[in-house]
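Down below is the structure, laid out as structure tokens.
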Amino acid sequence: MQIYVNTVLNWRSLDSCTAGRHIGLVSILYVTNTSVDDYLATFARRHGWLVFEAPRVSRLGPPYLKDMFNHASQHVTNCTFYGFSNGDILYNRDLLVTLDAVAKV
């Protein structure tokens with residue numbers, strides 16, 4: 001659980017680094033209705049994330065990535081980029097530098 005909390009805080013810290021850049025970050029958490037998801041959803045909302053029920057899940061449980069992208073593009077419009085990241089990966093501000101450079105092109 002701690003790694004997911006760290007991820008929420010990591011993306012929140014990146015959001016504070018976007019001033020003056022061509023990009024902004026909108027973080028979305030897709031949940032599948034478990035008690036872990038309930039705790040994490042509450043924590044993520046408190047830190048500025050949007051939280052949605054996964055639009056569709058496989059019969060084994062994992063959500064379909066394509067459906068999450070389609071849902072995100074319908075609920076967060078006017079974005080230059082849409083991306084996906086697992087909940088156990090942390091980034092530094094170099095991600096923003098890279099996205100900013102690509103956005104300028």
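Would you work out the charge dipole size for the chain about its Cα centre, treating the Cβ of every Lys and Arg as +1 and the Cβ of every Asp and Glu as -1, and quote it to the nearest 20 debye?
On the way: 9 positive and 8 negative charges, 31 e Å.
Computed charge dipole of the chain: roughly 140 debye.
Just want to confirm a number: the relative contact order over the range 2-104, from Cα pairs under 8 angstrom separated by 6+ residues, in percent. Please list the in-between numbers first.
Working: 96 pairs, mean separation 37.1, N = 103.
In percent, rounded to a whole number, it is 36.
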Please state the Cα pair-distance histogram of the chain with 5 angstrom bins from zero: what percent is in each bin? 2, 11, 21, 23, 22, 12, 6, 2, 0
On a 0 to 90° scale, report how tilted helix 65-75 is relative to the longest principal axis of the chain, with both axes built from alpha carbons and the result rounded to the nearest 10. 60
Among ASN10, THR32, GLY61, the residue whose Cα sits farthest towards the positive end of the charge dipole of the chain, when +1 is placed on the Cβ of each Lys and Arg and -1 on the Cβ of each Asp and Glu, is ASN10
Please list, in chain and number order, the residues 5+ apart from VAL51 or on another chain whose amide H is under 5 Å from its amide H, with Hs placed from the backbone. LEU29
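Order of VAL97, VAL31 from fewest to most other C-beta atoms within 10 Å?
Working: VAL97 12, VAL31 16.
Lowest count first: VAL97, VAL31.
Would you tally the net charge around MET68, using a Cβ to Cβ cut-off of less than 15 Å, leaving MET68 out, and scoring K and R as +1, D and E as -1? It would help to have the intermediate numbers written out before the result.
Values: positive: ARG56, LYS66; negative: ASP37, GLU53, ASP67.
For residues surrounding MET68, the net value is -1.
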When the chain is treated as a GNM, springs tying every alpha-carbon pair under 10 Å, which of GLY83, GLY24, GLY48 comes out with the largest mean-square fluctuation? GLY83
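So how do ASP94, ASP38 line up by other beta-carbon neighbours within 10 Å, fewest first? The partial results should precede the final answer.
Values: ASP94 8, ASP38 11.
Starting with the residue having the fewest Cβ neighbours, the order is ASP94, ASP38.
Counting chymotrypsin sites (Phe, Trp or Tyr not before Pro) as exposed when in a DSSP loop with at most 11 other beta carbons within 10 Å, what is the longest stretch of the chain free of them? List each step's numbers first, then the result.
Values: sites that count: PHE81, PHE84.
It runs 1-80.
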With a 10 Å Cβ neighbour count serving as the proxy for reagent exposure, in which order, fewest first, do MET68, MET1 appear? MET1, MET68
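Laboratory data are not the source of any read-out in this text; all were calculated from the coordinates shown. Note that the structure is predicted; figures quoted are calculated from it, not measured. Glycine also receives a Cβ, built like all others from the backbone with ideal geometry; neighbour counts cover every protein chain displayed.
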